[in-house]
Amino acid sequence: MHGPGSAAWLLVALCAATGAYCLLRMRSGVEEQRRTAGSEALMGFGMALMAIPAAVITPPRAAWALYAVVFGAAALRALWASRSSAHHLHHLVGTFAMAYMAVGMAAAPSGHAGHGGAGAPLVTGLLLLYFAGYVLWSGARLVPVATAGGGPSASGWGDRPELARACRLSMGIGMVAMLLTM
């Protein structure tokens, strides 16, 4: 997952900022939004940690195994939550992808990917297709549409759907970038 230095640092910054905003969204008054924001904060910060350039820090294999366990558990939680909401299926795919990349990193001879061969090409390709499609779909949803009220809503930072969509779009772009370097 460690590509060129400047691109890797941009990915770290994007994912960390997304994770931080998701923490702000956890202050929402709606329980489902808080729960979703917590899952997305975990993804954002996890992606930021995984994208740190190898020249700065190369985590030991045990760290990648820990990532795999954490995101494997998150995938099981998303699988359970998907019984009540289809949105959790996206979380399931995302947490599976994170666990998959962590396993690939642990199995890579140098302890980090970026030189190919750190994952099954079919699985990586399917995940790339999914996230590329997700990025296109969620990007299209950011296009403004006319509203009936016309005025700005009085909701707080945690209840702004356009910012939540932008957050998800950012993480989707980050996921594509990380999968491309596997």
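Computed from the coordinates by the stated procedures, all read-outs in this text should not be read as laboratory data. Worth saying up front: this structure is predicted, and the values here are computed from it rather than measured. Heads up, the Cβs are rebuilt from the backbone with ideal geometry, glycines too, and the neighbour counts pull from every protein chain shown.
Protection proxy ranking, highest mean first, for peptides 73-86, 164-177: 164-177, 73-86, where packing is the per-residue count of other beta-carbon atoms within 10 Å, averaged.
For segment 24-73, what is the convex hull (Cα atoms) projected area averaged across all directions, in square nanometres? Please report the intermediate quantities before stating the final value.
Working: hull surface 16.3 nm².
Result: 4.1 nm².
Neighbours of residue 137 by Cβ distance under 14 Å: Lys/Arg scored +1, Asp/Glu scored -1, total +3.
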